[in-house]
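A quick write-up on the structure given underneath.
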Amino acid sequence: MKNLFSARAAAIGILVILSLVVVFHLLVLTGVIPYGIVWGGRLTSHEQMLRFETVSITLNLLMLAVVGVVAGWLRLRVSWGLLKAALWLMTGLFLLNTLGNLMAQTNLERLVFTPLTLLLALGSLRLAISKPRLTTPAAPVDFR
């Protein structure tokens, strides 16, 4: 895995994809994109969409923060053990999400979001197996 792509490429890829996902969910939340094409096409009301999208945006922002700290771009003092646990949780979440996207009722989720969540899972795994660099308080991943 370490030879397929660097930790730096994984971090940048995750940050870009998650940032775009947050924008996408904000567009759903504001009604620019219809909520019938997300969450497997299973949302039944506007209130349900508000709850799901709020949780989704919050989780994506939290994952952006985790990757930002791991990469050393967000300077917070967080233990490497906690960051590593979060990365493993992200890996599992994205793998489950990939399976869910494969079973979605909408083509958008099957054809677009399945490969994206698979890339996020692989990127999270790549960061989870990386060793921390101990030169800063946040102990970012060694990108060398």
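The values are calculated or read from the model by the stated rules, or taken from the named source; none is laboratory data. Nothing here was measured: the structure is a model prediction, and the numbers come from that model. Note that we place each Cβ from the backbone using ideal geometry, even for glycine, and neighbour counts take in every protein chain shown.
Summary table
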{"read-out": "Inter-residue pairs, beta-carbon under 6 Å, first farther than 14 Å from residue 90 by Cβ and free of Cβ contacts under 8 Å to residues at least 24 places away in the same chain and in the stretch 46-64, second surrounded by 18 or more Cβ atoms within 10 Å (Cβ to Cβ) and hydroxyl-bearing (Ser, Thr, Tyr), 6+ apart", "value": "49/35"}
{"read-out": "Total residues in the stretch 13-37, condition within 16 Å of the chain's Cα centre (by Cα) and in contact (Cβ under 8 Å) with a residue 40 or more places away in the chain", "value": "8"}
{"read-out": "Residues that are of a type in the set (Phe, Trp, Tyr) and surrounded by 17 or more Cβ atoms within 10 Å (Cβ to Cβ), drawn from the stretch 1-52", "value": "24, 35, 39, 52"}
{"read-out": "Residues being surrounded by 13 or more Cβ atoms within 10 Å (Cβ to Cβ) and touching a helix residue (DSSP H, G or I) at 6+ places or on another chain (Cβ under 8 Å) - total across the stretch 74-87", "value": "6"}
{"read-out": "Residues satisfying the stated conditions in the stretch 123-144, i.e. surrounded by fewer than 19 Cβ atoms within 10 Å (Cβ to Cβ) and either modelled with pLDDT under 80 or in contact with a Phe, Trp or Tyr (Cβ under 8 Å, 6 or more places away or on another chain) (or both)", "value": "132, 133, 134, 135, 136, 137, 142, 143, 144"}
{"read-out": "Residue in the stretch 117-131 that is in a loop (DSSP other than H, G, I, E, B), without any contact (Cβ under 8 Å) to a residue 40 or more places away in the chain and farther than 16 Å from residue 14 by Cα present", "value": "yes"}
{"read-out": "Filter result for residue 107 (within 14 Å of residue 125 (Cα to Cα) and surrounded by fewer than 17 Cβ atoms within 10 Å (Cβ to Cβ))", "value": "no"}
{"read-out": "Members of the stretch 60-70 found to be surrounded by 15 or more Cβ atoms within 10 Å (Cβ to Cβ) and within 21 Å of residue 118 (Cβ to Cβ), listed by number", "value": "60, 63, 64, 66, 67, 70"}
